[in-house]
1. Do any GluC sites (Glu not before Pro) in the stretch 1-102 lie in a DSSP loop with no more than 16 other beta carbon atoms within 10 Å, and if so, which?
2. Cα atoms only, the stretch 57-104: Rg and Dmax in Å?
3. So what are the ³J(HN,Hα) numbers for the stretch 103-111, from phi and the Karplus equation (6.51, -1.76, 1.60; θ = phi - 60°), rounded to whole Hz, Gly and Pro as x?
4. Which of the lysines could a cross-linker bridge to Lys61, judged by Cα under 16 Å and excluding same-chain residues fewer than eight apart?
5. Counting other Cβ atoms within 10 Å, keep those with at most 16, restrict to DSSP loop, and tell me which trypsin sites (Lys or Arg not before Pro) in the stretch 1-60 are left.
6. Taking amide hydrogens as modeled 1.01 Å from N in the peptide plane, which residues meet the under 5 Å criterion relative to Lys62, leaving out close sequence neighbours?
7. Starting at the first residue of the stretch 2-10, write each ³J(HN,Hα) from the Karplus equation 6.51 cos²θ - 1.76 cosθ + 1.60 with θ = phi - 60°, in whole Hz, x for Gly and Pro.
8. Of Asp81, Asp47, which has the most accessible area with a 1.4 Å probe, and how do the rest follow in descending order?
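The values are calculated or read from the model by the stated rules, or taken from the named source; none is laboratory data. Values in this document were obtained by computation on a predicted structure and should not be read as measured data. All Cβ positions, glycine included, derive from the backbone under ideal geometry; neighbour counts span all protein chains shown. All accessible areas refer to the heavy atoms of the entire protein, side chains included, with ligands and DNA or RNA removed. Shrake-Rupley method; radii C 1.70, N 1.55, O 1.52, S 1.80 Å.
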Amino acid sequence: DKIRQGPKYDVIVGIAQNGLPTAVEIQKHLYIPMIPLLWSNSTNRKDRNNEFIREAIAENKKILLVDNATSTGKTVKEIRDCYGYMDMATIIHNTQSFSSCQYWATAVDRKTNPIAWNWWWQPSRMTGGSSDPPCFRYSY
């Protein structure tokens, strides 16, 4: 609801892989196009020349960048440095992150609450590779 009450966005950019489930959910409510962006600091796979994003920027479209969490802010900073400023939405925002975030469901301070985040779309991280049904939960 907060996103709908804010500025009108033309395009959503979902950061693959973890930001895509959240981006798809937001896209279903806003009825606007979504562009997946491959950007991974862990594998160093970064799409620095996404033609769809470059085109949206050239057309002065209002872009909403979406990820699952802002842990350190490094990913958001790198993408903004590469493509230019975009508003940010996430499920969990680390208040100690050095990148700004306009929309979040939960804010935490990872210095005082160093939780690990487990996501329902990553069952192997939560179940040790078992086929148990995935879920969302915090791990302390």
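1. Working: sites: Glu25, Glu51, Glu55, Glu59, Glu78; in loops: Glu59.
Those that pass, being in a loop and sparsely packed, are Glu59.
2. That works out to 10.5, 33 Å for Rg and Dmax.
3. After applying 6.51 cos²θ - 1.76 cosθ + 1.60, I find 9, 8, 8, 9, 10, 9, 9, 6, 6 Hz.
4. Here the lysines satisfying the reach criterion relative to Lys61 are Lys8.
5. On the way: sites: Lys2, Arg4, Lys8, Lys28, Arg45, Lys46, Arg48, Arg54; in loops: Lys8, Arg48.
Here the sparse-neighbourhood loop sites are Lys8, Arg48.
6. Those lying under 5 Å, H to H, from Lys62 are Asp10, Val11.
7. Listing the rounded values in order: 4, 5, 5, 7, x, x, 7, 8, 9 Hz.
8. Working: Asp81 110, Asp47 50 Å².
Listed by decreasing accessible area, they come as Asp81, Asp47.
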